[in-house]
Amino acid sequence: MCVESDGCEIEGCSSSDEVHTLSGSMSPGLKSNPDLHPCKPGQKFRAALLRCRSPTAAAGILSFGNVLNYMDRYTVAGVLLDIQKHYSVTDSQAGLLQTVFICSFMVAAPIFGYLGDRFNRKIILSCGIFFWSAVTFLSSFITKEYYWLFVLSRGLVGIGESSYSSISPTIIGDLFTNNTRTMMLSVFYFAIPLGSGLGYILGSSAKEAAGDWHWALRVSPVLGITAGTLILFFVPEPKRGSADQIGGHLKTRTPWVCDMKALAKNRSYIFSSLASSAVSFATGAFGMWIPQYLFRAQVVQKMVEPCKNEPCSSKDSLIFGAITCVTGLLGVLIGAATTRLCRQKTERADPLVCAVSMLGSAIFICLIFVVAKKSIVGAYICIFIGETLLFLNWAITADILMYVVIPTRRATAVAFQGFTSHLLGDAGSPYLIGLISDALQRSYAHSVLWQFLSLGYALMVCPFVIVLGGMFFLATALFFLDDRDKAAKQMNQLTRSPSSVKVST
């Protein structure tokens, strides 16, 4: 028999159970008491909600929220050509949308990392989702005279989404351990390519259905409000490190300065963060510009006419979105299975699988720019293989962090890894690619062929950055075992036996 905080009996609990309250706190199981009274109808409904708060359900809800996070991020990319025509902006100005978004995202990430290690995480997540949903919806009403305001709104959305990306993986890390944690993180990070792909599809489909690209920004906010509500009611607030400790109680906090010094000395963390920066650089540039590049390729091949008036063709955004969804699923599944298999051969499997997949991805991404001028189908095949290999490392990189960083500083570690990867990666890559493209176009501003070639030459930066990322993963493999063992020893130092814990009355 268990009780809620108001003294109402809840059926289906044993005397040793714990009950999660809606506020995120936990009340220990109590033995049956004659003073307890039967539950009223409203209290029974509340008790039913509590029983739905299983770790698996929580991971599913957090993954759903991550899908919406990335779907909203890439909805703008799905209608980028229409935005350029509507606001009359150049490639570099259009690339500024993603750059401003990522800059605000990365600046806010360390702040949310600090808060996530010290305060109720699900409250922070829900508030972040509600905020970016409201801003995205309001941005759809900005008129063409105020492009600067539309850019600013993307920066505000980045702040809201930063709270989610920094904190939600740490909740999953505290709910699961070992291979189960790897699987759940794989599901969570599959949401990145899935949400990105759905962003293109949603943006294109909403624009086609309504005949106005502004409606692309009015769908995801409704889903965002739903996700935020689900997190408030169904996601528990686990104790930090509860899945990792063995029979002890983990101290909930370590000093922030101590956390930062430890992360700076953690070589596996540093090199994997630099590798993540390379992935972010490529995915940020590709997500913004590949549909545009393929459209220009078809114009060169005289398969379509150049877009002169809104609405522009959305076929390439739809196809690229679908490919991203499929390759994301394949990448996560193949990455998890390959890592599990390779762990039987070597303990350094995680960073080695990431390194090999990155180097293989660079080859096929190079081929995109070789074949696109002659064959769109060939370009799509190269994109499919290149993205699949690139997406292999999403969940594995997160798992590396969970192994080499102790639970009390994981939110900070995730936040600063996000800060680094965005600062060196997709904060500047969309704008940089647009800037190079504009610079190359100046000589032949009205040449359709040169518009296509200049964007292709600019995007050729990405394969070289991906190779550099693969080298960083190889460096991670050198130090992975030492840093993992150090984290395990620190865990033992932070864990105290139950008998030494003073219980307040």
statement: So, first residue without any contact (Cβ under 8 Å) to a residue 60 or more places away in the chain in the stretch 178-197, second residue buried (at least 24 other Cβ atoms within 10 Å of the Cβ), Cβ within less than 8 Å, six or more apart or across chains; the pairs are none
Elements of type helices (runs of 4 or more DSSP H) contained in the stretch 413-505, each with 2 or more residues being closer than 30 Å to T397 by Cα and at pLDDT below 80: 461-494
message: Of the conditions (1) assigned to a helix (DSSP H, G or I); (2) at pLDDT 80 or above; (3) of a type in the set (S, T, Y), Y114 satisfies every one except a single condition; which number is it?
response: (2)
- prompt: Among (1) in contact with a helix residue (DSSP H, G or I) (Cβ under 7 Å, 6 or more places away or on another chain); (2) open to solvent by 20 Å² or more (accessible area, probe 1.4 Å), which single condition is N393 missing?
  reply: (2)
field: From the options W148, W132, residue that is within 20 Å of A191 (Cα to Cα) and in a helix (DSSP H, G or I)
entry: W132
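Can you tell me which residues in the stretch 46-62 are open to solvent by 10 Å² or more (accessible area, probe 1.4 Å) and at pLDDT 80 or above? Break it down stepwise before answering.
To start, the set of residues in the stretch 46-62 that are open to solvent by 10 Å² or more (accessible area, probe 1.4 Å) comprises 46, 48-57, 60-61.
Selection gives A57, G60, I61.
In the stretch 341-386, how many are open to solvent by 10 Å² or more (accessible area, probe 1.4 Å) and of a type in the set (S, T, N, Q)?
Start the filter on the stretch 341-386 by keeping residues that are open to solvent by 10 Å² or more (accessible area, probe 1.4 Å), which leaves 341-348, 352-353, 356, 359-360, 363-364, 366-367, 369-371, 373-378, 380-382, 384-385.
With of a type in the set (S, T, N, Q) added as a condition, the list becomes 344, 346, 375.
Count: 3.
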query: Does any residue of the stretch 319-329 turn out to be surrounded by fewer than 24 Cβ atoms within 10 Å (Cβ to Cβ) and outside any helix (DSSP H, G or I)?
result: no
- line: Here the residues within the stretch 118-158 that are out of contact with any Pro (no Cβ under 7 Å at 6 or more places or on another chain) and open to solvent by 70 Å² or more (accessible area, probe 1.4 Å) are F119, I123, C127, F131, L138, F141, K144, E145, Y146, W148, L152
- request: Please state which of the following conditions A395 fails to meet, knowing it meets all the rest: (1) in contact with a Phe, Trp or Tyr (Cβ under 8 Å, 6 or more places away or on another chain); (2) over 28 Å from A477 (Cβ atoms); (3) at pLDDT below 85.
  value: (2)
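Can we say I270 is among the hydrophobic types (A, V, I, L, M, F, W, C) and either surrounded by 21 or more Cβ atoms within 10 Å (Cβ to Cβ) or over 30 Å from A210 (Cα atoms) (or both)? Walk me through it before giving the result.
Numbers: among the hydrophobic types (A, V, I, L, M, F, W, C): yes; either surrounded by 21 or more Cβ atoms within 10 Å (Cβ to Cβ) or over 30 Å from A210 (Cα atoms) (or both): yes.
Yes; evaluated as a whole, the condition is true for this residue.
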query: Is it true that some residue in the stretch 415-428 is over 27 Å from R343 (Cβ atoms), without any contact (Cβ under 8 Å) to a residue 24 or more places away in the chain, in contact with a Gly (Cβ under 9 Å, 6 or more places away or on another chain) and open to solvent by 10 Å² or more (accessible area, probe 1.4 Å)?
result: no
task: Report yes if some residue within the stretch 212-234 is open to solvent by 70 Å² or more (accessible area, probe 1.4 Å), assigned to a helix (DSSP H, G or I), of a type outside the set (V, I, T) and modelled with pLDDT under 80; otherwise report no.
output: no
statement: For the stretch 116-146 the number of residues that are over 17 Å from the mean Cα position of the chain (by Cα), touching a residue at least 24 places away in the same chain (Cβ under 8 Å) and more than 19 Å from R73 (Cβ to Cβ) is 6
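The values are calculated or read from the model by the stated rules, or taken from the named source; none is laboratory data. Predicted model, so just to flag it, every value in this text is computed and none were measured. Note that we place each Cβ from the backbone using ideal geometry, even for glycine, and neighbour counts take in every protein chain shown. Ligands, DNA and RNA are excluded from the accessible area calculation, which covers all protein heavy atoms including side chains. Shrake-Rupley method; radii C 1.70, N 1.55, O 1.52, S 1.80 Å.
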